[in-house]
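The values are calculated or read from the model by the stated rules, or taken from the named source; none is laboratory data. Worth saying up front: this structure is predicted, and the values here are computed from it rather than measured. Quick reminder, even Gly has a Cβ in these numbers, built from the backbone with ideal geometry, and neighbours come from all protein chains shown. What goes into the accessible areas is simple: the full protein's heavy atoms, side chains included, and nothing from ligands, DNA or RNA. Shrake-Rupley method; radii C 1.70, N 1.55, O 1.52, S 1.80 Å.
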Amino acid sequence: MYAFPDTRIPLPQVLLHHQGNRPHRRTHVRDFLLAAPEMERFNLLLARLDHTRAPLETDQLATAARNLEDGADDAAPAPCILQRLQLAGTVEQMLLDPDWEPATEAADEAREVVDYLHASWQLIPDTLPGIGQLDQAIVIDTAWPKLVREVDNFLDYQRLRRIEAIRQERDYAAVTFNRRLWLESRELEARLREHHNRVRESSYAPPSPSCFRVH
């Protein structure tokens, strides 16, 4: 079974802590105003992905953006943002695979994430160098706990499909393979692994006698 390593580069910690009664002075990411209606719309999306999450405030986003800008390359997304965009690429690939049917409990969240990445409206413009996709990273991070297991499954499905393609000497896309066949292949692989473990831990030869005597 493929296990997706959870080694995500942390987003700025200020995004995790509700500001409470602290004065909220910052309302801009660089020169871009974080408008109240768009903030509300964004928070509604986050609430659908994680019902326990407190709404984000403009001061949190502005502070997070400023933290990411310190010492960053203005031309490229911050590493924590770029990593989450790569995760989102895998989620989108999962949705677009015609032979893979995502589990029901993850499908809605996956579509929410991909829809936001391609939406005509977004909280922060992509054109802001380095931090323009911070809002997308937040969406991905919020949905990830509900997506990670299904992404693990999808990557394992791809691995076993590649093995099957090699076995049949055919192209990856030409192999008949879906979620049912993946489950069957995974079960066969697990049984084979158990058999190999038993062979390593035992021997086909009879046990040696405890004592050897000459009469």
- In a Gaussian network model of the chain with springs linking alpha carbons closer than 10 Å, the residue among F154, F42, F32 that fluctuates most is F32
- So what's the angle, to the nearest 10 degrees on a 0 to 90 scale, between helix 36-49 and the longest Cα principal axis of the chain? 20 degrees
- Helix-only [θ]222 nm of the chain, DSSP H runs n ≥ 4, -39500 (n - 2.57) each, per residue, nearest 500: -18500 deg cm²/dmol
- Message: Just want the answer: with Cβ charges of +1 for Lys and Arg and -1 for Asp and Glu, which residue in A174, L188, I124 is farthest toward the dipole's positive end in the chain?
- Response: L188
- Task: Give me the percent of the accessible area of the chain that comes from carbon and sulfur atoms, probe 1.4 Å, all protein chains in place.
- Result: 53 percent
- Message: Taking 25 Å as R0, compute the FRET efficiency from the Cβ-Cβ separation of L188 and D115 and round it to 0.05.
- Response: 0.10
- Query: Among A65, A143, A165, which one shows the biggest mean-square fluctuation in a GNM of the chain, springs joining Cα atoms closer than 10 Å?
  - Reply: A165
- Message: Under 10 Å, Cα contacts only: if you run a Gaussian network model on the chain, which one of V114, V29, V199 comes out with the highest mean-square fluctuation?
- Response: V199
- Message: Classify segment 137-190 from the C-alpha gyration tensor, please: rounded if a/c falls under 1.5, else prolate or oblate depending on whether a/b exceeds b/c.
- Response: prolate
- Item | [x] 49, 37, 34; [y] 59, 36, 29; [z] 97, 47, 34, with the label sought being that of the calculated Cα extents along the principal axes in Å | [z]
- Task: Considering Cα pairs under 8 angstrom that are at least six residues apart, work out the relative contact order of the chain and quote it in whole percent.
- Result: 22 percent
- Query: Which value, in debye to the nearest 20, gives the size of the charge dipole of the chain about its Cα centre, when Lys and Arg are +1 and Asp and Glu are -1 at the Cβ?
  - Reply: 920 debye
- Query: Are there GluC sites (Glu not before Pro) in segment 133-169 that DSSP puts in a loop and that have at most 11 other Cβ atoms within 10 Å, and which ones?
  - Reply: E169
- Message: Which order do you get for E69, E194 if you rank them by accessible area with a 1.4 Å probe, largest at the top?
- Response: E194, E69
